[in-house]
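Remarks on the structure that follows.
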């Protein structure tokens, strides 16, 4: 998958999780907490949805993601 396909898939997941969120303004540089309002529970739910969507496993020992771009990069590097 390309970076833009993963990014689009991530925005789809965010739109379902947070219907009030305008994902059209999200960029790879968007901060998950500050710009998108992702809290720790939302981060967990997002990770579970992304694991299913992209067939990837998130490492629970890794430091939390800060930006959308970090999530996209992780997915691209760890897809099965």
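FYI, it's all coordinate maths here, none of it is from the lab. Given the structure is predicted, the values throughout are model-derived calculations rather than measurements. Using ideal geometry, Cβ is built from the backbone for each residue, glycine included, and neighbour counts are taken over all protein chains shown.
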>> If you take Rg and Dmax of the Cα atoms in Å from the coordinates, which of [x] 15.1, 50; [y] 16.1, 59; [z] 11.4, 32 do you get?
In response: [z]
>> I need the peptides 28-35, 70-77 ranked by packing, meaning the mean over residues of other C-beta atoms within 10 angstrom, with the highest value on top.
In response: 70-77, 28-35
> What value, in deg cm²/dmol to 500, does the helix sum -39500 (n - 2.57) over DSSP H runs of n ≥ 4 give at 222 nm once divided by the residues of the chain?
Replying inline: -16500 deg cm²/dmol
> Where does each of 27, 66 land when they are ranked from fewest to most other beta-carbon atoms within 10 angstrom?
Replying inline: 27, 66
> Taking 0.36 nm per residue of separation and subtracting the Cα-Cα distance, what length does fully extending residue 43 through residue 2 add?
Replying inline: 12.5 nm
